[in-house]
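Report on the following structure.
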Amino acid sequence: MRIATCNVNGIRAAARKGMGQWITQTHADVLLFQEVRAPEAIAAQLIGESGIAYQVFQQASELKGRAGVAVAVRDGIEVGQVRIGLAAGLSAEENEPAVDTGRWVEVDLPALDTTFISAYLHSGVATDEAKMAAKYRHLERVTQRLTELMNRREYAHVLIAGDFNIVHTALDIKNWKSNHNRTAGVLDTEIAYFEKWLTDLGYVDVQRMLTPQVQGAYTWWSQRGKAFDNDAGWRIDYQLADAGLAKRAVNFQIDRATEYAQRFSDHAPLVIEYN
């Protein structure tokens, strides 16, 4: 079972820059995309241009040109229930805030006995109290839903993948000292949520499990300066799985382009194979 996740940083631009060729070469059973930033029909069309038939389930953001997540399941794999949006923690009288839309899609695949989630968590700005408050409210709802999935899941396994916009430890960012508790994504208050998902809820960071105590490998590089050329990256794209599924992981790869000009996104895809 080959699972790939990638923040495409706008699927239309990514398609122009070679995303379809990557999809064809990867031939994943399940693709999880974030920051799609396109109407749902367009995203499905562009994924289909790879030449591999996928069933595509997604949520576009209510805020035009922002966010958007998708789960693409290779044709022939039975699809069960699909749940759009993250409603955990909201009462029947409340609606999901517009800023939280286009960030969460769940797809049950009975044949794989697994629930798959594509998630795009808020980035935040450390100096902007309103944006950080929105991020923490979202992280609270994510935590509630991850708790529900772990405690009352219908299928044996759950895998949440995507752009979490949080680094876990100093191993996950090239310049830890200059960013720690100064930059959003590297704040202890954010990291505490990630730690709770691993320690309290029992999820496993699959890439880190396969490469403990190794610096990187990173999945995102700033567009500014020479971050990509100098590999001054961040590891903020993850696949988290329950312990049983994590044990089935046999290898991973980060499809980092060899040159800056060859990238189809500022993120590199994370691909993991499970036995």
task = State the extension gain, in nm to one decimal, for the chain segment bounded by residue 95 and residue 251, taking 0.36 nm per residue of separation less the distance between their alpha-carbons.
result = 52.2 nm
request  = Place a +1 charge on the Cβ of each Lys and Arg in the range 85-221 and a -1 charge on the Cβ of each Asp and Glu, then give the dipole magnitude about the Cα centre in debye, rounded to the nearest 20.
outcome  = 480 debye
key: Within the range 225-270, trypsin sites (Lys or Arg not before Pro) in DSSP loop having at most 14 other beta-carbon neighbours inside 10 Å   = 226, 247, 248
inquiry  = Can you give me the distance in nm between label points at residue 63 and residue 24, each placed 7 Å from the Cα along the Cα-to-Cβ direction?
reply    = 3.6 nm
ask   = Given a Förster radius of 30 Å and the C-beta distance between residue 169 and residue 258 as r, what FRET efficiency does 1/(1 + (r/R0)^6) yield to the nearest 0.05?
value = 0.65
Cross-link reach list, lysines versus residue 226, counting only Cα pairs under 17 Å and skipping chain neighbours closer than eight places = 174
query = How large is the convex hull of the Cα atoms of the range 203-247 per residue, expressed in Å³ as a whole number?
reply = 62 Å³
ask   = Computed on alpha carbon atoms, what radius of gyration and Dmax characterise the range 33-79, expressed in Å?
value = 10.8, 33
inquiry  = Below 12 angstrom from the Cβ of residue 194, what's the summed charge of the other residues (Lys, Arg +1; Asp, Glu -1)?
reply    = -3
query = Mind listing which GluC sites (Glu not before Pro) in the range 114-160 are in a DSSP loop and have 16 or fewer other Cβ atoms within 10 Å?
reply = 154
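Can you compute the helix-only [θ] at 222 nm over the chain? Use -39500 (n - 2.57) per DSSP H run of at least 4 residues, normalise by all residues, nearest 500 deg cm²/dmol.
Numbers: 8 runs with 72 residues, N = 275.
The helix contribution divided over the chain gives -7500 deg cm²/dmol.
If contacts are Cα pairs under 8 angstrom and at least 6 residues apart, what is the relative contact order of the chain in percent?
19 percent
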task = Decide, for the range 1-126, between rounded, prolate and oblate: order the square roots of the alpha carbon gyration tensor eigenvalues as a ≥ b ≥ c, take rounded if a/c falls under 1.5, and otherwise choose prolate if a/b is larger than b/c, else oblate.
result = oblate
ask   = Just how large is the dipole of the range 1-145 about the Cα centre, in debye to the nearest 20, putting +1 at every Lys and Arg Cβ and -1 at every Asp and Glu Cβ?
value = 560 debye
ask   = Within the range 181-275, which GluC sites (Glu not before Pro) sit in a loop by DSSP and count at most 13 neighbouring Cβ atoms inside 10 Å?
value = 259
Portion, in percent, of the accessible area of the chain that falls on carbon or sulfur, probe 1.4 Å = 48 percent
message = Residue by residue through the range 36-53, what is 3J(HN,Hα) from phi via Karplus (6.51 cos²θ - 1.76 cosθ + 1.60, θ = phi - 60°)? Round to whole Hz and write x for glycine and proline.
response = 5, 6, 7, x, 4, 5, 5, 4, 4, 4, 5, 5, x, 5, 5, x, 9, 7
message = 7 Å from Cα along Cα→Cβ at both residue 16 and residue 214: what's the point-to-point distance in nm?
response = 3.5 nm
remark   = Applying the gyration tensor rule to the Cα atoms of the range 161-254 (axes a ≥ b ≥ c; rounded if a/c under 1.5, else prolate if a/b exceeds b/c, else oblate), the class is oblate
task = Would you mind getting the accessible area per residue of the chain, heavy atoms of the protein chains only, 1.4 Å probe, in Å²?
result = 43 Å²
inquiry  = Cut-off 10 angstrom, C-alpha nodes, Gaussian network model of the chain. Which of 65, 20, 76 fluctuates the most?
reply    = 76
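The values are calculated or read from the model by the stated rules, or taken from the named source; none is laboratory data. This is a predicted model, so every value here is computed, not measured. Note that we place each Cβ from the backbone using ideal geometry, even for glycine, and neighbour counts take in every protein chain shown. Each accessible area value is taken on the protein alone, full model and side chains, heavy atoms only, with ligands, DNA and RNA left out. Shrake-Rupley method; radii C 1.70, N 1.55, O 1.52, S 1.80 Å.
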